[in-house]
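Heads up, the thing below is written out as structure tokens.
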């Protein structure tokens with residue numbers, strides 16, 4: 001097929017989804033027309049999520065690294081930063097940004113995959129020797 005011609009499947013919309021959206025829009029139109037209270041016609045919720053990561057301070061970062069029994073050089077490679085950045089966090093010169101705090105939360109609550117990464121890296125480096 002010529003790549004310049006449109007592919008008919010590009011315009012395909014999941015029929016079930018399309019029907020659900022059309023039904024919901026129709027229900028909304030009817031409720032507005034009838035001046036119904038929307039909260040009696042639709043399920044309405046207000047959700048407040050507490051997703052802000054805990055702010056790590058210098059000692060927290062150092063303790064997490066030591067938990068993984070890693071040097072600053074190895075730990076910085078593990079999380080994808082420079083050793084100097086890690087040093088500045090551990091010395092309290094700079095606070096870790098939000099993304100790093102989130103990563104540290106995940107590492108602390110689910111350390112197994114991180115230990116596995118370190119173990120694989122160690123075994124690969126031993127094979128090279």
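Once Kirkwood radius over Cα pairs in Å is calculated for the structure shown, the corresponding label among (i) 14.7; (ii) 16.1; (iii) 20.1 turns out to be (iii).
Mind giving me the FRET efficiency for residue 81 and residue 123? R0 is 22 Å, r the Cβ-Cβ distance, nearest 0.05 is fine. Can you show the working numbers first?
Numbers: r = 23 Å, r/R0 = 1.06.
Efficiency at R0 = 22 Å is approximately 0.40.
Multiply the residue gap between residue 116 and residue 31 by 0.36 nm, knock off their C-alpha separation, and tell me the result in nm, one decimal place.
Between residue 116 and residue 31, full extension yields an extra 25.1 nm.
From least to most packed, judged by other beta carbons within 10 angstrom and beginning with the fewest, 33, 46, 102 follow the order 46, 33, 102.
Taking a ≥ b ≥ c as the square roots of the eigenvalues of the Cα gyration tensor of the range 58-118, is the shape rounded (a/c under 1.5), prolate (a/b larger than b/c) or oblate? Because a/c hits 1.5 or more and a/b exceeds b/c, the range 58-118 counts as prolate.
Comparing 70, 36, 58 in a Gaussian network model of the chain where C-alpha atoms under 10 Å apart are linked, the largest mean-square fluctuation is found at 36. For the pair residue 47 and residue 109 in one chain, pulling the backbone fully straight at 0.36 nm per residue adds 19.9 nm over the alpha carbon distance.
A short reminder: the numbers here are calculations on the coordinates, not readings from a lab. All figures in this text were calculated on a predicted structure; none of them were measured in a lab. FYI the Cβ positions are ideal-geometry reconstructions off the backbone, even for glycines, and counts take in every protein chain you see.
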